[in-house]
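Reviewing the structure listed below.
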Amino acid sequence: MAKDLCPVWVGYLLASPLRKLIQNPDTMLDPYIKQGMQVLDLGCAMGFFSLAMARMVGQGGRVYCVDLQEKMVQVLKKRAQKKQLIDRMDIRQCSPESLNIEDLQGRIDFALASAVVHEVPDPASFFHHVSQAVKIQGKLLLVEPKGHVTTTEFDETISLARDHGFKLLETPKISMSRTALLEKI
Ligand SMILES: C[S@@+](CC[C@H](N)C(=O)[O-])C[C@H]1O[C@@H](n2cnc3c(N)ncnc32)[C@H](O)[C@@H]1O
(Lines give C-alpha, C1' and ligand atoms only; values in the text may rest on other atoms or scores of the structure.)
Protein backbone atom coordinates (compact mmCIF):
# COMPACT_ATOMS: atom_id res chain seq x y z
CA MET A 1 0.00 0.00 0.00
CA ALA A 2 1.36 3.47 -0.92
CA LYS A 3 2.05 5.68 2.11
CA ASP A 4 2.72 9.41 2.37
CA LEU A 5 6.38 10.25 1.98
CA CYS A 6 8.10 13.00 3.92
CA PRO A 7 8.08 16.03 1.57
CA VAL A 8 11.42 17.51 0.57
CA TRP A 9 10.68 20.80 2.37
CA VAL A 10 10.23 18.83 5.61
CA GLY A 11 13.59 17.22 4.84
CA TYR A 12 15.19 20.68 5.14
CA LEU A 13 13.40 21.28 8.48
CA LEU A 14 14.49 17.89 9.84
CA ALA A 15 18.11 18.72 9.02
CA SER A 16 18.00 22.00 10.94
CA PRO A 17 20.58 22.33 13.76
CA LEU A 18 17.74 23.66 15.95
CA ARG A 19 16.40 20.09 16.15
CA LYS A 20 19.37 19.30 18.40
CA LEU A 21 17.50 21.09 21.18
CA ILE A 22 14.97 18.23 21.12
CA GLN A 23 16.95 15.34 19.64
CA ASN A 24 20.72 15.56 19.95
CA PRO A 25 22.29 12.90 17.68
CA ASP A 26 25.49 12.76 19.74
CA THR A 27 23.71 12.01 23.04
CA MET A 28 21.17 9.74 21.37
CA LEU A 29 23.69 7.61 19.49
CA ASP A 30 26.80 7.76 21.69
CA PRO A 31 25.90 4.55 23.61
CA TYR A 32 25.78 2.54 20.36
CA ILE A 33 28.36 3.92 17.92
CA LYS A 34 32.11 3.52 18.34
CA GLN A 35 35.07 4.43 16.12
CA GLY A 36 35.63 2.04 13.24
CA MET A 37 32.06 0.74 13.11
CA GLN A 38 30.02 0.09 9.96
CA VAL A 39 26.66 1.77 10.49
CA LEU A 40 23.48 2.21 8.49
CA ASP A 41 21.07 5.15 8.40
CA LEU A 42 17.75 3.95 6.94
CA GLY A 43 15.60 6.72 5.46
CA CYS A 44 18.45 9.16 6.03
CA ALA A 45 16.76 12.15 4.31
CA MET A 46 19.24 15.08 4.36
CA GLY A 47 21.40 13.47 7.01
CA PHE A 48 20.55 15.01 10.38
CA PHE A 49 21.75 11.74 11.93
CA SER A 50 24.04 10.51 9.13
CA LEU A 51 26.59 13.33 9.46
CA ALA A 52 26.81 12.88 13.24
CA MET A 53 27.18 9.13 12.69
CA ALA A 54 30.02 9.79 10.22
CA ARG A 55 31.88 11.84 12.83
CA MET A 56 31.32 9.13 15.45
CA VAL A 57 32.69 6.22 13.37
CA GLY A 58 35.83 8.19 12.52
CA GLN A 59 38.10 7.67 9.51
CA GLY A 60 38.20 3.90 9.93
CA GLY A 61 34.43 3.49 9.94
CA ARG A 62 31.70 3.81 7.33
CA VAL A 63 28.15 5.12 7.25
CA TYR A 64 25.76 3.69 4.69
CA CYS A 65 22.84 6.02 4.05
CA VAL A 66 19.75 5.02 2.07
CA ASP A 67 16.70 6.96 1.05
CA LEU A 68 13.90 6.53 -1.44
CA GLN A 69 13.95 10.15 -2.61
CA GLU A 70 16.57 11.37 -5.07
CA LYS A 71 16.53 14.93 -3.75
CA MET A 72 17.26 13.80 -0.16
CA VAL A 73 20.23 11.79 -1.41
CA GLN A 74 21.53 14.68 -3.55
CA VAL A 75 21.34 17.19 -0.71
CA LEU A 76 23.00 14.79 1.74
CA LYS A 77 25.88 14.20 -0.69
CA LYS A 78 26.47 17.97 -0.93
CA ARG A 79 26.30 18.41 2.84
CA ALA A 80 28.71 15.50 3.38
CA GLN A 81 31.17 17.02 0.89
CA LYS A 82 30.95 20.40 2.58
CA LYS A 83 31.64 18.86 5.99
CA GLN A 84 34.49 16.77 4.48
CA LEU A 85 32.87 13.54 5.66
CA ILE A 86 32.00 12.13 2.23
CA ASP A 87 35.01 9.77 2.19
CA ARG A 88 33.56 7.72 5.02
CA MET A 89 29.99 7.75 3.69
CA ASP A 90 28.18 5.65 1.09
CA ILE A 91 24.97 7.45 0.13
CA ARG A 92 22.45 5.53 -1.94
CA GLN A 93 19.01 5.92 -3.40
CA CYS A 94 16.79 2.87 -2.94
CA SER A 95 13.45 1.77 -4.38
CA PRO A 96 10.11 0.93 -2.71
CA GLU A 97 10.84 -2.76 -3.40
CA SER A 98 14.44 -2.90 -2.21
CA LEU A 99 16.62 -1.00 0.25
CA ASN A 100 19.60 -1.52 -2.07
CA ILE A 101 21.75 -2.92 0.74
CA GLU A 102 22.09 -6.54 -0.44
CA ASP A 103 25.89 -6.11 -0.56
CA LEU A 104 26.05 -5.33 3.18
CA GLN A 105 25.11 -8.85 4.27
CA GLY A 106 26.10 -9.38 7.95
CA ARG A 107 28.40 -6.32 8.01
CA ILE A 108 26.44 -3.71 9.94
CA ASP A 109 27.24 -3.08 13.62
CA PHE A 110 24.47 -0.56 14.18
CA ALA A 111 21.44 0.56 12.16
CA LEU A 112 19.16 3.51 12.79
CA ALA A 113 15.60 3.77 11.47
CA SER A 114 14.38 7.17 12.64
CA ALA A 115 10.90 8.29 11.61
CA VAL A 116 10.91 6.00 8.59
CA VAL A 117 9.08 2.72 9.24
CA HIS A 118 5.64 4.39 9.25
CA GLU A 119 6.37 5.60 5.67
CA VAL A 120 7.53 2.24 4.35
CA PRO A 121 4.98 0.53 2.05
CA ASP A 122 6.13 -3.01 2.89
CA PRO A 123 7.56 -3.15 6.45
CA ALA A 124 8.05 -6.95 6.29
CA SER A 125 10.34 -6.57 3.29
CA PHE A 126 12.09 -3.64 5.03
CA PHE A 127 12.90 -5.75 8.10
CA HIS A 128 13.93 -8.68 5.94
CA HIS A 129 16.59 -6.56 4.21
CA VAL A 130 17.72 -4.85 7.43
CA SER A 131 18.03 -8.21 9.17
CA GLN A 132 20.26 -9.50 6.36
CA ALA A 133 22.57 -6.49 6.67
CA VAL A 134 22.95 -6.38 10.47
CA LYS A 135 25.51 -8.76 11.96
CA ILE A 136 24.72 -11.14 14.83
CA GLN A 137 24.63 -9.06 18.06
CA GLY A 138 24.48 -5.90 15.94
CA LYS A 139 21.92 -3.35 17.07
CA LEU A 140 18.92 -1.70 15.44
CA LEU A 141 17.45 1.47 16.96
CA LEU A 142 13.86 2.15 15.93
CA VAL A 143 12.55 5.64 16.59
CA GLU A 144 9.05 6.72 15.56
CA PRO A 145 7.29 10.05 16.20
CA LYS A 146 4.54 9.79 18.84
CA GLY A 147 2.39 12.16 16.79
CA HIS A 148 2.31 9.82 13.79
CA VAL A 149 2.52 6.36 15.32
CA THR A 150 0.23 4.91 18.03
CA THR A 151 1.42 2.54 20.75
CA THR A 152 -0.43 -0.30 19.03
CA GLU A 153 1.18 0.46 15.68
CA PHE A 154 4.61 0.64 17.28
CA ASP A 155 4.05 -2.68 19.07
CA GLU A 156 3.21 -4.21 15.68
CA THR A 157 6.46 -2.80 14.29
CA ILE A 158 8.47 -4.36 17.14
CA SER A 159 6.67 -7.64 16.60
CA LEU A 160 7.60 -7.58 12.91
CA ALA A 161 11.25 -6.87 13.80
CA ARG A 162 11.15 -9.88 16.16
CA ASP A 163 9.77 -12.04 13.35
CA HIS A 164 12.85 -11.06 11.35
CA GLY A 165 15.46 -12.13 13.91
CA PHE A 166 15.71 -9.23 16.36
CA LYS A 167 15.12 -9.24 20.11
CA LEU A 168 14.05 -6.23 22.14
CA LEU A 169 16.74 -5.00 24.55
CA GLU A 170 15.31 -1.74 25.86
CA THR A 171 13.28 1.35 25.06
CA PRO A 172 15.63 4.35 25.37
CA LYS A 173 14.13 7.72 26.27
CA ILE A 174 14.06 10.03 23.25
CA SER A 175 11.95 13.16 23.27
CA MET A 176 8.56 12.96 21.47
CA SER A 177 9.35 9.44 20.26
CA ARG A 178 8.51 5.79 20.62
CA THR A 179 11.72 3.79 20.65
CA ALA A 180 13.08 0.28 20.61
CA LEU A 181 16.68 -0.87 20.78
CA LEU A 182 16.86 -4.33 19.23
CA GLU A 183 19.65 -6.86 18.85
CA LYS A 184 20.13 -9.30 15.98
CA ILE A 185 20.06 -12.87 17.28
C1 LIG B 1 10.39 11.64 8.18
S2 LIG B 1 11.84 11.41 7.21
C3 LIG B 1 13.01 11.04 8.50
C4 LIG B 1 14.41 11.34 8.09
C5 LIG B 1 15.51 11.02 9.09
N6 LIG B 1 15.61 9.61 9.37
C7 LIG B 1 15.34 11.82 10.34
O8 LIG B 1 14.94 11.27 11.38
O9 LIG B 1 15.61 13.01 10.28
C10 LIG B 1 11.59 9.84 6.45
C11 LIG B 1 12.57 9.54 5.33
O12 LIG B 1 12.44 8.16 4.99
C13 LIG B 1 12.46 8.04 3.59
N14 LIG B 1 11.76 6.80 3.20
C15 LIG B 1 10.43 6.55 3.19
N16 LIG B 1 10.19 5.29 2.80
C17 LIG B 1 11.38 4.73 2.56
C18 LIG B 1 11.79 3.44 2.11
N19 LIG B 1 10.91 2.48 1.82
N20 LIG B 1 13.11 3.21 1.99
C21 LIG B 1 14.01 4.18 2.27
N22 LIG B 1 13.69 5.41 2.67
C23 LIG B 1 12.39 5.69 2.82
C24 LIG B 1 11.77 9.30 3.07
O25 LIG B 1 12.15 9.58 1.74
C26 LIG B 1 12.30 10.34 4.07
O27 LIG B 1 13.46 10.96 3.63
query: Inside region 1-91, counting only helices (runs of 4 or more DSSP H) that do not spill past its ends, which hold 1 or more residues that are closer than 19 Å to HIS118 by Cα?
result: 8-14, 70-82
- prompt: What is the residue count in region 1-26 for residues that are away from the ligand (no atom under 12 Å from the Cβ) and surrounded by 11 or more Cβ atoms within 10 Å (Cβ to Cβ)?
  reply: 2
query: Give me the pairs: first residue in region 20-34 and without any contact (Cβ under 8 Å) to a residue 60 or more places away in the chain, second residue of a type in the set (Gly, Ala, Ser), beta-carbon distance under 7 Å, and six or more apart or on different chains, which are they?
result: PRO25/ALA52; ASP26/ALA52
message: I'm told GLY36 meets every condition in (1) more than 9 Å from the ligand (Cβ to nearest atom); (2) at negative phi except one. Can you identify the failing condition by its number?
response: (2)
statement: In region 97-117, residues that are assigned to a helix (DSSP H, G or I) and buried (at least 18 other Cβ atoms within 10 Å of the Cβ) total 2
message: Considering only residues that are within 13 Å of the ligand (Cβ to nearest atom) and within 13 Å of LEU182 (Cβ to Cβ), which ones fall in region 124-143?
response: PHE127, VAL130, LEU141, LEU142, VAL143
- line: Note on GLY58: of the conditions (1) more than 18 Å from LEU29 (Cα to Cα); (2) of a type in the set (Gly, Ala, Ser); (3) modelled with pLDDT of 95 or more, unmet is (1)
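The values are calculated or read from the model by the stated rules, or taken from the named source; none is laboratory data. Fair warning: this is a prediction, and the values are worked out from it, not measured in the lab. Glycine gets a Cβ as well: all are built from the backbone with ideal geometry, and neighbour counts include every protein chain shown.
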